[in-house]
1. Looking at A:Cys116, A:Cys120 in this structure, which one is on the phi > 0 side of the Ramachandran plot, buried (at least 20 other Cβ atoms within 10 Å of the Cβ) and within 12 Å of chain B (Cβ to nearest Cβ)?
2. Can B:Tyr486 be described as of a type outside the set (A, V, I, L, M), open to solvent by less than 10 Å² (accessible area, probe 1.4 Å), at pLDDT 95 or above and under 21 Å from the mean Cα position of the chain (by Cα)?
3. Given (1) in a loop (DSSP other than H, G, I, E, B); (2) closer than 26 Å to A:Ile24 by Cα; (3) open to solvent by less than 10 Å² (accessible area, probe 1.4 Å); (4) not hydrophobic (A, V, I, L, M, F, W, C), where does B:Ser179 come up short, assuming only one miss?
4. If you go through the range B:205-225 one residue at a time, do you hit one that is in contact with a Ser or Thr (Cβ under 8 Å, 6 or more places away or on another chain), among the charged types (D, E, K, R) and in a strand (DSSP E or B)?
5. Report, by residue number, each residue of the range B:54-72 that is outside any loop (DSSP other than H, G, I, E, B), at pLDDT 95 or above and under 28 Å from B:Met186 (Cβ atoms).
6. I need a count of the residues in the range B:6-53 that are within 25 Å of the chain's Cα centre (by Cα), over 18 Å from B:Leu187 (Cα atoms) and part of a strand (DSSP E or B).
7. I'm told B:Gly247 meets every condition in (1) within 14 Å of chain A (Cβ to nearest Cβ); (2) open to solvent by less than 40 Å² (accessible area, probe 1.4 Å); (3) of a type outside the set (A, V, I, L, M); (4) assigned to a loop (DSSP other than H, G, I, E, B) except one. Can you identify the failing condition by its number?
8. Would you please name the residue that is surrounded by the most Cβ atoms within 10 Å (Cβ to Cβ), looking only at residues in the range B:116-150 that are of a type in the set (D, E, K, R) and farther than 13 Å from B:Thr313 by Cβ?
Amino acid sequence: MTKDDRLDAILAAHAGREGALLPILHDLQAEFGCVPADCYQPIADALRLSRAEVSGVVSFYHDFRDAPAGKHVIKLCRAEACQSMGGAEMIARLERALGMKIGETKGDVTLEAVYCLGLCACAPAAMVGDRLVGRASSERIEALVAEVSA
Amino acid sequence: MKVWVPCDAAAVACGADEVAAAIASAAGLRGEEVEIIRNGTRGMIWLEPLVEVERDGVRHGFGPMTPEDVPALFEAGDHPKALGPVEDIPFFAKQTRLTFARCGRTDPLSLADYEAGEGWRGLRRALDLGAEKTVEEVTTSGLRGRGGAGFPTGIKWKTVAGAEDAQKYIVCNADEGDSGSFADRMLMEGDPFCLIEGMAIAGLAVGATKGFIYIRSEYPHAIRTMVAAINAAQSAGIIGDSLMGQGPAFDLEVRVGAGAYICGEETSLLNSLEGKRGMVRAKPPLPALEGAFGKPTVVNNVLSLAAVPWIMTHGGAAYAEFGLGRSRGTIPIQIAGNVKQGGLFETAFGMTLGTLINEIGGGTASGRPFKAVQVGGPLGAYHGPDDFDLRVCYEAFADQGGLVGHAGFVVHDESADMLALARYAMEFCAIESCGKCTPCRIGAVRGMETLDRVAAGDREAIELLHELCEVMEKGSLCAMGGFTPYPVRSAIRLFPQEFSRIEEAAE
């Protein structure tokens, strides 16, 4: 299937749905790893919106990317409950150990902030790929990163 | 042997899947027949993974378990992680679990378990009573919005019921973004049919045929469980073309957020649901009259809707017997952060803050002295030991310049840097502001800058910060900008020395 076919299939799957734009954007990101800018116009046409409206929605939400992330996305919680258990220090140690900052991609690895995973009673919390980590430490996350990128 | 290992995200984050695998393989090696049930969590998160083993018809707890602790489960003698009968653990025994009655006891996706635990009784009674009497029952219960605003649920339902329109909606706000809050997640992962039943009753009561559950994308486990539960309820004919085959149509759909905290604000959520930027709407019009897609809409939090099946089963008056003042019923308190016994504790309104932190929570996890607790998420105030007599209810916290919010309590020990936390409050607001109103959009950024000046020893900055907070509180369109000053000002009030220490050093 070409890229256009894949886009058309996603648009067709949501045809006629109420408030279809977010579900479409989620599906696109699952398919392409991001929401490619050249999809804005076809989406706009399918939903009878302007290209600017689609672009505005994509840019509003933190989840939607304009370029794919690294193969392994590591999300580190910055919120208060995790801070109370040394989360900020953990993030700083991990940044030093991996030689990268939050918001950066290095090789296969993307480091991101997240604001609460709902794991506040087993803080600090993180997510390595699909895997949730409670009572996290920089050593444990480093080990998991090494494991997934091996 | 019958064994329960929670499938809740917090349990999994602490290694529950590995423990479950270890139990299966140990059983295989020994040739023992073991039934492993993946239940929801009991909410005693500090004990997770909390494994339960049935002995003489009583479920005994073991935790926190590691795979290494598994072989001893099969051996005679005392297990090092044995906790005794799980429902006798004081943290559990002291609760009044109405909304969370089933959570942790059952397999979340088993319709048989749900039915056996009073499931669908509330919906059946609502079908018998009819719409009007159902709204009355919820009004009698005194239930108020558990998302934070505390608006009476019965009145909201009555408004929507009275609105004339061919299409109405029930929207469940499951965009639980407050740090320290995880009750919505726990309920959706541990007892999803309860939310479905609550929404079906709401639909019946107000004449809505369609419901949306808007879940934040940070909750992949909850999303999977809710989708599976909706499919199961549809296949069983409970929801769909006709409620339980005798009532009106009511169907449900899960919608996934996209990482915007502001979408927990109801009008912003509605815009997001409609496929727009999650910008806050000015009120009026009330969502009850012009909500999702311009139609009359009930927007309720997960916990408000999940309280409804119990209310309809046992009666509004029975629910209203619990509580304090105008805060009726139970509140699922989430105690988290730097606390020894973190988890979910459902209790009638009225427990004191000190009891909650010292007795229920067991003090700080670090063992260092307690410093402050932030109540109600990133927009909630900090409270110190002087507030330990404060009772958990909407009015008492509002009187102290704070809020109960979604009842998340985040404990900090003495190492907490209050200036850094105040700055974080402003930073979070700057990151998550929808940008519609100036006091929030610009104020949060100026707030960060001003706190940096305070940190650098600028004497005039504190006064300026107070003025800025005043503008944000009074001039913002919603609680995001309006309440961000709460943590900032309470931190300054409680710990003034931390906002002038650099100044002293500079002199």
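The values are calculated or read from the model by the stated rules, or taken from the named source; none is laboratory data. Since we're looking at a predicted model, the values are computed, not measured. So basically every Cβ, Gly included, is an ideal-geometry build from the backbone, and we count neighbours across all protein chains shown. Keep in mind that these areas ignore ligands, DNA and RNA; they rest on the heavy atoms of the full protein, side chains included. Shrake-Rupley method; radii C 1.70, N 1.55, O 1.52, S 1.80 Å.
1. Values: A:Cys120 fails: on the phi > 0 side of the Ramachandran plot.
Just a single option satisfies the conditions, and that option is A:Cys116.
2. On the way: of a type outside the set (A, V, I, L, M): yes; open to solvent by less than 10 Å² (accessible area, probe 1.4 Å): no; at pLDDT 95 or above: yes; under 21 Å from the mean Cα position of the chain (by Cα): yes.
Spelling it out, it is not the case that B:Tyr486 is of a type outside the set (A, V, I, L, M), open to solvent by less than 10 Å² (accessible area, probe 1.4 Å), at pLDDT 95 or above and under 21 Å from the mean Cα position of the chain (by Cα).
3. The failed condition is (2).
4. no
5. As a first pass, look at the range B:54-72 and keep what is outside any loop (DSSP other than H, G, I, E, B): B:54-55, B:58-62, B:67-69, B:71-72.
Next, from what is left, pick out any that are at pLDDT 95 or above: B:54, B:58-62, B:67-69, B:71-72.
Within the range B:54-72, B:Glu54, B:Val58, B:Arg59, B:His60, B:Gly61, B:Phe62, B:Pro67, B:Glu68, B:Asp69 qualify.
6. 2
7. Among (1) within 14 Å of chain A (Cβ to nearest Cβ); (2) open to solvent by less than 40 Å² (accessible area, probe 1.4 Å); (3) of a type outside the set (A, V, I, L, M); (4) assigned to a loop (DSSP other than H, G, I, E, B), B:Gly247 violates only (1).
8. At the first step, the residues of the range B:116-150 found to be of a type in the set (D, E, K, R) are B:118, B:121, B:124-125, B:128, B:132-133, B:136-137, B:144, B:146.
Of the ones still in play, those that are also farther than 13 Å from B:Thr313 by Cβ are B:132-133, B:136, B:144, B:146.
On the way: B:Glu132: 11, B:Lys133: 13, B:Glu136: 16, B:Arg144: 24, B:Arg146: 28.
The selected residue is B:Arg146.
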